[in-house]
Amino acid sequence: PGNASDRLSADAVGVTVISGDETVSLRTVSPNPFTPNADGINDEAEWNFDVFLLTAQAEISVTLYTLNGTRLRELTSSATSGAKTLVWDGRDESNNLVPPGLYLYRLFVDSDTDESKEKMGIVSVAY
């Protein structure tokens with residue numbers, strides 16, 4: 001009650017610290033490992049990140065690969081600067097669950113800045 005926005009309660013303050021040399025700052029990939037076995041616990045992996053330096057809509061993607069470089073899935077969103085989340089359900093482009101193992105990811109912001117606009121890492125799937 002009395003909140004100007006549902007995203008920020010009246011008794012909380014949100015502060016975003018801008019890193020001057022990055023377009024994207026990855027906060028977390030969690031849970032890692034995750035278990036997409038439909039038990040309702042840790043069924044999806046979430047990429048939580050902040051996007052800076054955008055003045056217009058930009059395409060944001062998380063592309064997932066096997067360790068040998070085969071592309072499995074691309075998660076996309078169009079957004080401007082701010083806090084963002086992309087979610088993976090452990091399925092490939094054909095909607096099949098991937099086998100347990102390690103997978104590479106590339107978080108990329110398609111912007112016109114010269115600043116760093118990608119992050120790469122590993123996410124684990126376990127059953």
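Averaged across orientations, what area in nm² does the convex hull of the alpha carbons in region 24-74 project?
Over all viewing directions, region 24-74 projects a mean Cα-hull area of 4.9 nm².
Through the Karplus equation 6.51 cos²θ - 1.76 cosθ + 1.60, θ set to phi - 60°, convert the phi angles of region 77-93 into ³J(HN,Hα) values in whole Hz; use x for Gly and Pro.
So the J values, rounded to whole Hz, are 7, 10, 7, 10, 4, x, 7, 9, 9, 10, 10, 10, 8, x, 10, 8, 5.
Shape verdict for region 53-127, please, from the Cα gyration tensor: rounded (a/c under 1.5), prolate (a/b greater than b/c) or oblate.
Prolate, since a/c reaches 1.5 and a/b exceeds b/c.
Through the Karplus equation 6.51 cos²θ - 1.76 cosθ + 1.60, θ set to phi - 60°, convert the phi angles of region 56-67 into ³J(HN,Hα) values in whole Hz; use x for Gly and Pro.
Running phi through 6.51 cos²θ - 1.76 cosθ + 1.60 with θ = phi - 60° gives 9, 4, 9, 7, 10, 9, 10, 10, 10, 9, 6, 5 Hz.
Could you provide, to the nearest whole Å², the per residue accessible area of region 81-127 with probe 1.4 Å?
55
The values are calculated or read from the model by the stated rules, or taken from the named source; none is laboratory data. These numbers come from a predicted model, not from an experiment. All accessible areas refer to the heavy atoms of the entire protein, side chains included, with ligands and DNA or RNA removed. Shrake-Rupley method; radii C 1.70, N 1.55, O 1.52, S 1.80 Å.
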